[in-house]
1. What are the GluC sites (Glu not before Pro) within region 59-122 that DSSP puts in a loop, where the Cβ has at most 10 other Cβ atoms within 10 Å?
2. From the phi of every residue in region 24-32, what ³J(HN,Hα) in whole Hz does the Karplus formula 6.51 cos²θ - 1.76 cosθ + 1.60 yield, where θ is phi - 60° and glycine or proline is x?
3. Spelling out what I want: for every residue of region 135-147, take phi, set θ = phi - 60°, compute 6.51 cos²θ - 1.76 cosθ + 1.60 (Karplus), and round to whole Hz; glycine and proline get x.
4. With only Lys, Arg, Asp and Glu charged, each at its Cβ (+1 for the first two, -1 for the last two), find how big the charge dipole of the chain is about the Cα centre; round to the nearest 20 debye.
5. Nearest 0.05, what FRET efficiency do GLN18 and ALA148 give at R0 = 35 Å with Cβ-Cβ as r?
6. Reachable lysines from LYS136, Cα under 26 Å, same-chain residues fewer than 8 places away excluded?
7. Count charges around PRO109 for me, please; just the other residues with Cβ under 9 Å from its Cβ, Lys/Arg as +1, Asp/Glu as -1.
8. Would you mind calculating the gained length between GLN41 and LYS56 on full extension (0.36 nm times residue separation, minus the Cα-Cα distance), in nm to one decimal?
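Read the figures in this text as sums done on the coordinates, not as results from a lab. Nothing here was measured: the structure is a model prediction, and the numbers come from that model. Counting neighbours? That spans all protein chains shown, and the Cβs are built from the backbone with ideal geometry, glycine included.
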Amino acid sequence: RPVTTHGLAKLFDEASRQPCSTISLLNTDPSLLPIETVSIQVARSAKLASFNAYRKCCGFPPLRSFEDLTSNNDVREALKACYGGDIEKVEFFPGLFAEDVRPGATLPPLMATMVAVDAFSQALTNPLLDPNLFNKDTFSEAGMAVIASTASLADIVRRNIVGEKVDPLVSLTRRDIPGS
């Protein structure tokens with residue numbers, strides 16, 4: 001309903017102007033805690049590997065200390081208490097959300113890598129990217145011209161808001177970081 005009530009332009013504009021909440025531990029709305037608890041229980045039942053094992057699998061060096069994981073002292077102390085001071089015991093989900101976000105980044109390093117691998121593996125296997133399908137016979141000459149002229153998410157949004165009164169800001173980056 002928000003799209004039909006307020007319009008796509010207004011929603012993108014408001015979303016682009018809102019600072020993103022931090023992806024981290026100790027930043028979960030209380031209403032979501034039961035879901036987080038179940039996630040940990042399912043991970044334990046499935047015997048997911050440790051956070052460090054996932055880091056190694058993705059080409060990152062293993063962490064040697066909680067200080068390597070996070071600069072947030074409250075998070076560090078909570079994890080040390082939970083895992084008996086052993087960084088190797090940190091489970092996948094807590095580690096994923098405890099890891100510091102690098103300056104200018106949106107996600108912590110391991111999470112960003114996993115999201116990127118998933119996104120690209122899905123995109124590159126999309127049948128529409130097959131040279132036998134990605135052509136004017138599938139999309140028409142006009143459609144191929146529109147695809148070729150599309151350089152950003154903003155282009156797609158603007159193409160789909162004809163008649164709306166808002167000229168939206170469309171951005172996935174923070175404006176306070178140089179080069180974004």
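1. Numbers: sites: GLU67, GLU77, GLU88, GLU91, GLU99; in loops: GLU99.
When the GluC sites (Glu not before Pro) of region 59-122 are filtered for loop state and at most 10 Cβ neighbours within 10 Å, nothing remains.
2. 6, 6, 6, 9, 9, 4, x, 5, 9
3. Per-residue couplings from phi come out as 7, 5, 5, 7, 9, 6, 5, 5, x, 5, 5, 5, 4 Hz.
4. Approximately 40 debye in magnitude.
5. Numbers: r = 32 Å, r/R0 = 0.91.
For R0 = 35 Å, the calculated efficiency reads 0.65.
6. none
7. That works out to 0.
8. 3.1 nm
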